[in-house]
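The values are calculated or read from the model by the stated rules, or taken from the named source; none is laboratory data. Note that the coordinates shown come from a computational prediction; the quantities given were computed from them, not determined experimentally. No Cβ is skipped: glycine too gets one built from the backbone with ideal geometry, and neighbour counts run over all protein chains shown. The protein model used for the area step is the full one, side chains on, heavy atoms only, and it has no ligands, DNA or RNA in it. Shrake-Rupley method; radii C 1.70, N 1.55, O 1.52, S 1.80 Å.
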Amino acid sequence: MLYFENRLMPDVFTAEHSKIISTLGAQAAVSLETARLYSELLEENVQRRRVEKELRASQTSLMQGEQISNTGSWRWELKQDLMMISDEYGRILGLPAAQKSLSMADFLTRVHPDDQPSISERVSESVRNGMNMRAEFRILRPDGDCRYILGIGDPVENWPDVKEYFGIIRDITAQRQAEDAVRIAQADLARVSRATTIGQLTASIAHEINQPLMSIVANAGASMRWLNRDPRYLANARESLQEIITEGKRAGDIIRGLHALTRKQETLFTQANLHTIARHILSISRNEIEQKWIALELKLQANSAEIYCDNIQIQQVLLNLIVNAIEAMSGVEHRPRILTLTSTNPSADTLRFEVADTGSGLSPDVIGHLFDSFFTTKKEGMGMGLTISQSIIKKHGGELMADNRLPHGSVFWFTLEVKPEQNT
């Protein structure tokens, strides 16, 4: 620049001056290059610090991830039998905090003696064939604590040129303990279920046997009264004793039917007429119907009432529905108490039977739980009658349902298949 500024003035720069200027130019060039290199070095240092920061963040995330998941990582160099391990790996095995490596032989000594043979064999086979290794086993820590471990290892991509394995171990002790707790809870639940089943069976027998027992007691009292009169009414006493025999047999049949129902045994199905069964149940209930001033309406309009059934079980259903209807009208004072039995044939092969009353009806909450075990609206009820009845009807291929009746009361009905001829 000095030269350009002074080129019009001859002989301003001597040879010595030119040499000095040349030297200054060279120094300036060196300074400029040094400044450029220094700038690049500063940029490189910034980049390196950024990479180091990201690496530290990545390592921190990896360590935190290992701690959260109880997972330790390892790298095993087969030739040196040297396994480089992470901090979490050492914590899982209970190693000193400063220990960052161990050998496979050392690791195998920490495996539970019962699991050691199978784990040693699996490791040897995997290395021999260059396969992945995966196993669940137990390890014993130096403090004597036993831990359940899931170990996974994969060979490097350039196997077998470089014989190395990378993998992880995960502490699954909490998972195993939870599984054991679930198994214990399931066993306890099974015991409770068996006890509940026994309780349900007991309640069922007590509920279903109550009616014949009450009838037996009533007929026995009547027999005593007939015999204590003067003169004795032997014919009436004989009739009452015959009723006792009939009800005693029915009680035994009920118990056998309940056993078959609860044990899912095959029951004895025979041809029967549902109208005949209904009239038999009404004869059993006639005293209670008369005592509570209940009017009886029979609308047995089905042309075909022949069904294939277990007679005793269908009797149980009808008796339960009729008794429930009678009890539902016990509080009715200002309108007639009417018990209505209706049968129809919705189709040629279907029989529908209804038991209706003029009681207080069913609330929406009650309808939703009518057939639940132990659900009852009666003060002294067991809540098993409708549950058993529904099971019986389902076993016969039908469905038991309930709804409110207008203007008052409720209606229970079930449908069964009509079978005019006996089937096997």
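Run the quick spin-label model on Val162 and Ala105: label points 7 Å from Cα toward the beta carbon, then report their separation in nm to one decimal.
2.6 nm
Structure shown: which of Lys53/Lys163; Lys299/Lys395; Lys249/Lys419; Lys292/Lys394 lie over 30 Å apart, alpha-carbon to alpha-carbon? All intermediate terms of the calculation are to be shown ahead of the outcome.
Working: Lys53/Lys163 32 Å; Lys299/Lys395 26 Å; Lys249/Lys419 27 Å; Lys292/Lys394 32 Å.
Correct reply: Lys53/Lys163; Lys292/Lys394.
Which FRET efficiency value, to the nearest 0.05, is calculated for Asp230 and Glu290 with the Förster distance at 41 angstrom and r the Cβ-Cβ distance?
Once the sixth-power term is evaluated, E becomes 0.90.
Pull out the extension gain between Ser283 and Asp349, defined as 0.36 nm times the separation in residues minus the alpha carbon to alpha carbon distance; nm, one decimal. Intermediate results must be reported in sequence, preceding the final value.
Numbers: separation 66, 0.36 × 66 = 23.76 nm, distance 2.81 nm.
Full-extension gain reported as 20.9 nm.
To the nearest 10 Å², what's Ser360's accessible area with a 1.4 Å probe?
110 Å²
Compute the distance in nm between two label points, each set 7 Å from the Cα along the Cα-to-Cβ direction, one at Asp114 and one at Ser39.
In this crude spin-label approximation the distance works out to 7.3 nm.
If Lys and Arg each add +1 and Asp and Glu each add -1, what is the summed charge of the other residues whose beta carbon sits under 13 Å from the beta carbon of Arg110?
Numbers: positive: Arg138, Arg141, Arg147; negative: Asp106, Asp115, Asp143, Asp145.
Around Arg110, the charge tally is -1.
Would you tally the net charge around Val156, using a Cβ to Cβ cut-off of less than 11 Å, leaving Val156 out, and scoring K and R as +1, D and E as -1?
Taking every Cβ under 11 Å from that of Val156, the sum is -3.
On the full set of protein chains, 1.4 Å probe, figure out the accessible area of Ser124 and give it in Å² to the nearest 10.
Roughly 60 Å² of Ser124 is accessible to a 1.4 Å probe.
Heavy-atom accessible area of Phe166 with all protein chains present, probe 1.4 Å, nearest 10 Å²?
Probe radius 1.4 Å; accessible area of Phe166 about 100 Å².
Keeping every protein chain in place, order Tyr233, Tyr38, Tyr89 by accessible area at 1.4 Å, biggest value first, i.e. largest first. If you can, show how the numbers build up before the last one.
Values: Tyr233 100, Tyr38 135, Tyr89 0 Å².
Result, largest first: Tyr38, Tyr233, Tyr89.
How do Trp159, Trp293 stack up against each other in accessible area, from largest to smallest, with a 1.4 angstrom probe?
Ranked from most to least accessible, the order is Trp293, Trp159.
Can you check what the net charge comes to around Ser223, using other residues whose Cβ is under 15 Å from the Cβ of Ser223 (Lys, Arg +1; Asp, Glu -1)?
So the surrounding residues net to +1.
Along Cα→Cβ, 7 Å out, is where each label goes; now give me the distance between the ones at Glu417 and Leu300 in nm to one decimal.
Once both label points are built, they end up 2.4 nm from each other.
How much length is gained if the chain between Ile68 and Ile184 is pulled fully straight, taking 0.36 nm per residue apart and subtracting their Cα-Cα distance, in nm to one decimal?
39.0 nm
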